[in-house]
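The values are calculated or read from the model by the stated rules, or taken from the named source; none is laboratory data. Please read all numbers here as calculations on a predicted model, not as lab measurements. Neighbour counts run over all protein chains shown; Cβ positions are idealised from the backbone, glycine included. Side chains are part of the model used for accessible areas, which takes the heavy atoms of the whole protein and leaves out ligands, DNA and RNA. Shrake-Rupley method; radii C 1.70, N 1.55, O 1.52, S 1.80 Å.
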Amino acid sequence: MPVAGIVPAPDGRQPAADLLVRNAKVFTGDPDRPAARGVAIRDGRIVGIGDDHELGGLVGPATRVIDALGRRVVPGLNDSHLHVIRGGLNYVLELRWDGVRSLRQALAMLREQAGRTPKGQWIRVVGGWTAEQFAEPRMPTVAELNAAAPDTPVFVLHLYQSALMNRAAVRAAGFDRDTPDPRGMLEDMRSEEVLPIGRSGPAHTAVEGDLAVQLRNLERQAGVRRTL
(Lines give C-alpha, C1' and ligand atoms only; values in the text may rest on other atoms or scores of the structure.)
Protein backbone atom coordinates (compact mmCIF):
# COMPACT_ATOMS: atom_id res chain seq x y z
CA MET A 1 0.00 0.00 0.00
CA PRO A 2 2.11 2.93 -1.19
CA VAL A 3 1.72 6.07 0.94
CA ALA A 4 3.87 9.14 0.23
CA GLY A 5 6.92 7.21 -0.84
CA ILE A 6 6.44 4.13 1.36
CA VAL A 7 6.35 1.09 -0.94
CA PRO A 8 6.51 -2.68 -0.32
CA ALA A 9 10.03 -4.01 0.02
CA PRO A 10 11.05 -5.82 -3.18
CA ASP A 11 13.23 -8.49 -1.60
CA GLY A 12 10.90 -9.60 1.19
CA ARG A 13 13.82 -10.63 3.39
CA GLN A 14 12.12 -9.37 6.58
CA PRO A 15 8.61 -10.34 7.63
CA ALA A 16 6.31 -7.44 6.85
CA ALA A 17 4.76 -5.38 9.62
CA ASP A 18 1.02 -5.45 10.17
CA LEU A 19 0.98 -1.70 10.88
CA LEU A 20 3.31 1.19 10.18
CA VAL A 21 2.72 4.67 11.58
CA ARG A 22 4.81 7.28 9.77
CA ASN A 23 5.24 11.06 9.74
CA ALA A 24 4.86 11.05 13.52
CA LYS A 25 6.55 12.29 16.65
CA VAL A 26 7.17 8.91 18.27
CA PHE A 27 8.19 8.81 21.93
CA THR A 28 10.42 5.73 22.24
CA GLY A 29 11.39 5.74 25.93
CA ASP A 30 14.96 4.96 24.82
CA PRO A 31 17.47 7.52 26.20
CA ASP A 32 19.81 6.79 23.28
CA ARG A 33 17.09 7.50 20.75
CA PRO A 34 14.22 9.32 22.47
CA ALA A 35 12.29 10.17 19.29
CA ALA A 36 11.58 8.71 15.86
CA ARG A 37 9.50 9.57 12.83
CA GLY A 38 7.79 6.20 12.52
CA VAL A 39 7.04 2.90 14.22
CA ALA A 40 6.32 -0.56 12.80
CA ILE A 41 4.20 -3.18 14.59
CA ARG A 42 3.78 -6.90 13.97
CA ASP A 43 1.62 -9.29 16.03
CA GLY A 44 1.02 -6.54 18.57
CA ARG A 45 4.71 -5.90 19.15
CA ILE A 46 6.95 -3.04 18.05
CA VAL A 47 9.43 -4.41 15.50
CA GLY A 48 11.05 -1.20 14.30
CA ILE A 49 11.37 2.54 14.73
CA GLY A 50 12.88 5.06 12.37
CA ASP A 51 12.16 7.15 9.32
CA ASP A 52 10.62 6.08 6.01
CA HIS A 53 13.94 4.79 4.69
CA GLU A 54 14.68 2.72 7.79
CA LEU A 55 11.20 1.19 7.95
CA GLY A 56 10.64 0.66 4.24
CA GLY A 57 11.88 -2.91 4.45
CA LEU A 58 9.05 -3.79 6.88
CA VAL A 59 6.26 -2.72 4.52
CA GLY A 60 4.50 -5.49 2.63
CA PRO A 61 1.42 -5.65 0.39
CA ALA A 62 -0.85 -6.20 3.41
CA THR A 63 0.79 -3.63 5.73
CA ARG A 64 -1.55 -0.92 6.93
CA VAL A 65 0.23 2.43 6.70
CA ILE A 66 -1.04 5.41 8.70
CA ASP A 67 0.13 8.97 8.15
CA ALA A 68 0.13 10.58 11.61
CA LEU A 69 0.33 14.07 10.10
CA GLY A 70 2.99 15.08 12.59
CA ARG A 71 1.04 14.03 15.68
CA ARG A 72 2.56 12.62 18.86
CA VAL A 73 2.60 8.81 19.24
CA VAL A 74 3.26 7.13 22.59
CA PRO A 75 3.28 3.47 23.68
CA GLY A 76 0.18 2.15 25.39
CA LEU A 77 0.16 2.72 29.14
CA ASN A 78 -1.35 -0.52 30.43
CA ASP A 79 -1.31 -0.71 34.22
CA SER A 80 -2.55 -4.18 35.05
CA HIS A 81 -2.53 -4.95 38.76
CA LEU A 82 -4.64 -6.34 41.58
CA HIS A 83 -5.41 -5.24 45.14
CA VAL A 84 -5.41 -8.84 46.27
CA ILE A 85 -5.64 -8.40 50.04
CA ARG A 86 -8.30 -5.68 49.99
CA GLY A 87 -10.24 -7.44 47.28
CA GLY A 88 -10.09 -10.77 49.08
CA LEU A 89 -11.31 -9.27 52.32
CA ASN A 90 -13.95 -6.88 51.01
CA TYR A 91 -14.98 -7.56 47.39
CA VAL A 92 -18.16 -9.43 48.32
CA LEU A 93 -19.06 -6.64 50.77
CA GLU A 94 -19.02 -3.94 48.08
CA LEU A 95 -21.67 -2.61 45.73
CA ARG A 96 -20.11 -2.80 42.27
CA TRP A 97 -20.83 -0.21 39.57
CA ASP A 98 -18.58 -1.86 36.98
CA GLY A 99 -20.11 -1.44 33.53
CA VAL A 100 -23.24 0.33 34.78
CA ARG A 101 -24.44 2.51 31.91
CA SER A 102 -26.21 5.31 33.75
CA LEU A 103 -26.08 7.13 37.06
CA ARG A 104 -29.82 6.55 37.36
CA GLN A 105 -29.22 2.80 37.32
CA ALA A 106 -26.33 3.13 39.77
CA LEU A 107 -28.53 5.02 42.22
CA ALA A 108 -31.28 2.42 41.80
CA MET A 109 -28.74 -0.27 42.72
CA LEU A 110 -27.75 1.80 45.74
CA ARG A 111 -31.39 2.15 46.81
CA GLU A 112 -31.93 -1.61 46.44
CA GLN A 113 -28.78 -2.38 48.41
CA ALA A 114 -29.85 -0.04 51.21
CA GLY A 115 -33.06 -2.04 51.54
CA ARG A 116 -31.15 -5.22 52.40
CA THR A 117 -28.10 -3.89 54.22
CA PRO A 118 -28.20 -4.82 57.93
CA LYS A 119 -28.31 -1.99 60.42
CA GLY A 120 -24.84 -0.85 61.41
CA GLN A 121 -23.27 -1.92 58.11
CA TRP A 122 -22.01 0.45 55.39
CA ILE A 123 -22.64 0.41 51.67
CA ARG A 124 -19.29 0.75 49.91
CA VAL A 125 -18.79 1.50 46.22
CA VAL A 126 -15.05 1.04 45.79
CA GLY A 127 -13.26 0.99 42.44
CA GLY A 128 -14.21 -0.32 39.03
CA TRP A 129 -16.18 2.71 37.88
CA THR A 130 -15.83 6.29 36.71
CA ALA A 131 -18.30 9.10 36.09
CA GLU A 132 -17.43 9.04 32.39
CA GLN A 133 -19.10 5.63 31.99
CA PHE A 134 -22.51 7.08 32.84
CA ALA A 135 -24.85 8.41 30.17
CA GLU A 136 -25.35 11.58 32.21
CA PRO A 137 -22.15 11.76 32.70
CA ARG A 138 -21.32 13.03 36.18
CA MET A 139 -20.73 12.06 39.77
CA PRO A 140 -23.67 11.48 42.11
CA THR A 141 -24.45 14.26 44.54
CA VAL A 142 -24.75 13.89 48.28
CA ALA A 143 -28.45 14.78 47.95
CA GLU A 144 -28.90 11.79 45.63
CA LEU A 145 -27.02 9.51 48.03
CA ASN A 146 -29.19 10.76 50.90
CA ALA A 147 -32.36 10.08 48.91
CA ALA A 148 -31.26 6.60 47.89
CA ALA A 149 -30.05 5.59 51.35
CA PRO A 150 -31.36 7.99 54.00
CA ASP A 151 -30.52 5.78 56.99
CA THR A 152 -27.65 3.62 55.72
CA PRO A 153 -24.05 4.92 55.66
CA VAL A 154 -22.77 5.18 52.08
CA PHE A 155 -19.11 5.55 51.08
CA VAL A 156 -18.45 6.04 47.35
CA LEU A 157 -14.76 6.04 46.45
CA HIS A 158 -13.79 7.81 43.25
CA LEU A 159 -10.49 6.86 41.58
CA TYR A 160 -8.76 6.28 44.93
CA GLN A 161 -8.36 10.03 45.32
CA SER A 162 -11.58 11.20 46.91
CA ALA A 163 -14.82 9.89 48.34
CA LEU A 164 -18.45 10.87 48.66
CA MET A 165 -20.33 10.19 51.87
CA ASN A 166 -24.00 10.62 52.63
CA ARG A 167 -25.37 12.19 55.78
CA ALA A 168 -25.74 8.82 57.54
CA ALA A 169 -22.08 8.02 56.85
CA VAL A 170 -20.88 11.35 58.21
CA ARG A 171 -22.87 10.77 61.40
CA ALA A 172 -21.64 7.15 61.67
CA ALA A 173 -18.06 8.39 61.36
CA GLY A 174 -18.70 10.65 64.35
CA PHE A 175 -18.66 14.03 62.64
CA ASP A 176 -20.85 16.81 63.94
CA ARG A 177 -20.92 20.61 63.87
CA ASP A 178 -18.13 20.80 66.44
CA THR A 179 -15.73 18.41 64.69
CA PRO A 180 -12.55 20.09 63.38
CA ASP A 181 -12.05 19.73 59.64
CA PRO A 182 -10.22 16.46 58.90
CA ARG A 183 -6.76 16.84 57.42
CA GLY A 184 -7.00 16.50 53.64
CA MET A 185 -10.64 17.55 53.29
CA LEU A 186 -11.28 18.93 49.84
CA GLU A 187 -14.71 20.50 50.25
CA ASP A 188 -16.95 21.76 53.02
CA MET A 189 -18.87 19.01 54.79
CA ARG A 190 -20.96 21.52 56.68
CA SER A 191 -23.71 21.80 54.10
CA GLU A 192 -27.43 21.23 54.53
CA GLU A 193 -27.06 18.00 52.53
CA VAL A 194 -24.57 16.57 55.01
CA LEU A 195 -24.91 18.24 58.41
CA PRO A 196 -28.08 20.26 59.09
CA ILE A 197 -26.40 23.17 60.84
CA GLY A 198 -28.22 26.06 59.23
CA ARG A 199 -26.04 27.19 56.37
CA SER A 200 -25.71 26.16 52.76
CA GLY A 201 -22.73 24.59 51.06
CA PRO A 202 -21.69 22.70 47.93
CA ALA A 203 -23.93 20.09 46.40
CA HIS A 204 -21.42 17.32 47.00
CA THR A 205 -18.59 16.53 49.36
CA ALA A 206 -15.22 14.95 48.70
CA VAL A 207 -13.14 13.79 51.64
CA GLU A 208 -9.80 12.08 51.93
CA GLY A 209 -6.88 11.90 54.32
CA ASP A 210 -7.70 11.10 57.93
CA LEU A 211 -11.23 9.89 57.21
CA ALA A 212 -10.09 7.54 54.46
CA VAL A 213 -7.44 6.16 56.80
CA GLN A 214 -10.05 5.61 59.50
CA LEU A 215 -12.30 3.73 57.09
CA ARG A 216 -9.45 1.56 55.84
CA ASN A 217 -8.53 0.72 59.42
CA LEU A 218 -12.12 -0.23 60.18
CA GLU A 219 -12.25 -2.46 57.10
CA ARG A 220 -8.94 -4.07 58.03
CA GLN A 221 -10.11 -4.77 61.56
CA ALA A 222 -13.37 -6.24 60.27
CA GLY A 223 -11.44 -8.43 57.85
CA VAL A 224 -9.15 -9.70 60.59
CA ARG A 225 -12.16 -10.56 62.77
CA ARG A 226 -13.74 -12.52 59.92
CA THR A 227 -10.59 -14.58 59.37
CA LEU A 228 -10.01 -15.47 63.06
**Request:** Report the residue count in region 140-164 for those that are in contact with a Leu (Cβ under 7 Å, 6 or more places away or on another chain) and either in a loop (DSSP other than H, G, I, E, B) or without any contact (Cβ under 8 Å) to a residue 12 or more places away in the chain (or both).
**Result:** 2
**Residue list for region 165-181, restricted to those being open to solvent by 30 Å² or more (accessible area, probe 1.4 Å) and in contact (Cβ under 8 Å) with a residue 40 or more places away in the chain** = Ala172, Ala173
**Item:** Residue tally, condition under 26 Å from the mean Cα position of the chain (by Cα) and small (Gly, Ala, Ser), over region 50-84
**Value:** 2
**Asked** Does Val92 meet the test of being within 30 Å of Gly50 (Cβ to Cβ), loosely packed, with under 13 Cβ neighbours inside 10 Å and of a type outside the set (S, T, N, Q)?
**Response** no
**Fill in**
Note: among Val47, Val74, just one is over 26 Å from Asn166 (Cα atoms), in contact with a Leu (Cβ under 7 Å, 6 or more places away or on another chain) and surrounded by 10 or more Cβ atoms within 10 Å (Cβ to Cβ), namely Val47
**Fill in**
Checked region 59-71 for anything surrounded by 10 or more Cβ atoms within 10 Å (Cβ to Cβ) and touching a strand residue (DSSP E or B) at 6+ places or on another chain (Cβ under 9 Å); matches are Val59, Thr63, Arg64, Val65, Ile66, Asp67, Ala68, Arg71
**Fill in**
Of the residues in region 35-94, those that are closer than 15 Å to Ala17 by Cβ and in contact with a helix residue (DSSP H, G or I) (Cβ under 6 Å, 6 or more places away or on another chain) come to Gly38, Ala40, Gly48
**Prompt:** Pick from Val126, Val170, Val156: which is out of contact with any Asp or Glu (no Cβ under 6 Å at 6 or more places or on another chain), closer than 27 Å to Asp79 by Cβ and β-branched (Val, Ile, Thr)?
**Reply:** Val156
**Request:** Quickly run through region 100-118 and pick out the residues that are open to solvent by 70 Å² or more (accessible area, probe 1.4 Å) and within 20 Å of the chain's Cα centre (by Cα).
**Result:** Arg101, Arg104, Gln105
**Request:** Spot the failing condition for Ile197; the list is (1) over 26 Å from Gly87 (Cβ atoms); (2) modelled with pLDDT of 80 or more; (3) β-branched (Val, Ile, Thr), and only one is missed.
**Result:** (2)
**Fill in**
Checked Arg101, Arg86, Arg138, Arg64 against criteria (under 30 Å from Gln14 (Cβ atoms) and charged (D, E, K, R)); the one match is Arg64
**Message:** With the structure loaded, tell me whether Gln121 is under 17 Å from Leu164 (Cα atoms), among the polar types (S, T, N, Q) and open to solvent by 70 Å² or more (accessible area, probe 1.4 Å) or whether it fails that test.
**Reply:** yes
**Message:** With free of Cβ contacts under 8 Å to residues at least 12 places away in the same chain, surrounded by 12 or more Cβ atoms within 10 Å (Cβ to Cβ) and within 20 Å of the chain's Cα centre (by Cα) as the only criterion, which of Gly87, Gly127 stands out?
**Reply:** Gly87
